[in-house]
Amino acid sequence: MAEIKIVCDYPHSPRKVWQAMTDPDLIPYWTSTGQGARAVGFEPVVGNRFQFVAKPVPGWRGIVDCEVLEVRELEFLRYTWVGSEGEPPSYVTYLLEPTSDGTRFTYHHTGFVSLGGFAMSKLLGAVRKKMLTVALPALLENLDETGTLRTPSTGA
């Protein structure tokens, strides 16, 4: 079984990182380095069903179906990920840990099965790494401590 695990340290408070990662209006700013997905119907509430919607490409309809499984505000979010109709879910986890310099953020995506799942994990892993090392830091720099955008630019 394949997985994606990315750990990043950000010089920002857990509250600010949580806001960037879970505010549906902010999510497209850091996902814009991938397919520009927006979270439709997302709320960090257990049982919430939502979709990431992006531009379709050959072989993919542009929609990921998700359901929130666990939430500990400012610390932990876990949800299912179904990228194609009929496939078994995989699981995405966000873990935020305060550090002396800000926040350590761990992105963990598990549950990829079969050869197709292995290939998908490699593709998604490269996209997620860019999102979390380029686009999210740019967004965080553009947010004040309340999570409000200073300017409408993504910086990505």
**Study point:** Matching residues, the stretch 104-146, being part of a helix (DSSP H, G or I) and hydroxyl-bearing (Ser, Thr, Tyr)
**Key:** SER114, SER121, THR133
Study note, to complete from the structure: Filter the stretch 104-115 for residues that are more than 16 Å from the chain's Cα centre (by Cα) and surrounded by fewer than 16 Cβ atoms within 10 Å (Cβ to Cβ); the one that is farthest from ARG72 (Cα to Cα) is LEU115
Revision key, fill the gap. Exactly one of THR99, THR93, THR103, THR22 is among the hydroxyl-bearing types (Ser, Thr, Tyr), modelled with pLDDT of 90 or more and more than 29 Å from THR151 (Cβ to Cβ), and that residue is THR93
Review point. GLN51 fails exactly one of the following numbered conditions: (1) open to solvent by 70 Å² or more (accessible area, probe 1.4 Å); (2) not in a loop (DSSP other than H, G, I, E, B). What is the number of that condition?
Key: (1)
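Does TRP30 satisfy the criteria of being over 20 Å from GLU3 (Cα atoms), open to solvent by less than 30 Å² (accessible area, probe 1.4 Å) and either modelled with pLDDT under 95 or part of a loop (DSSP other than H, G, I, E, B) (or both)? First the steps, then the outcome.
Numbers: over 20 Å from GLU3 (Cα atoms): yes; open to solvent by less than 30 Å² (accessible area, probe 1.4 Å): yes; either modelled with pLDDT under 95 or part of a loop (DSSP other than H, G, I, E, B) (or both): yes.
So TRP30 passes the test.
The values are calculated or read from the model by the stated rules, or taken from the named source; none is laboratory data. This one's a predicted model, so the numbers in the text were calculated from it and none came from an experiment. In this analysis, Cβ positions are derived from the backbone assuming ideal geometry, glycine residues included, and neighbour counts consider all displayed protein chains. With ligands, DNA and RNA removed, areas are computed over all heavy atoms of the protein, side chains included. Shrake-Rupley method; radii C 1.70, N 1.55, O 1.52, S 1.80 Å.
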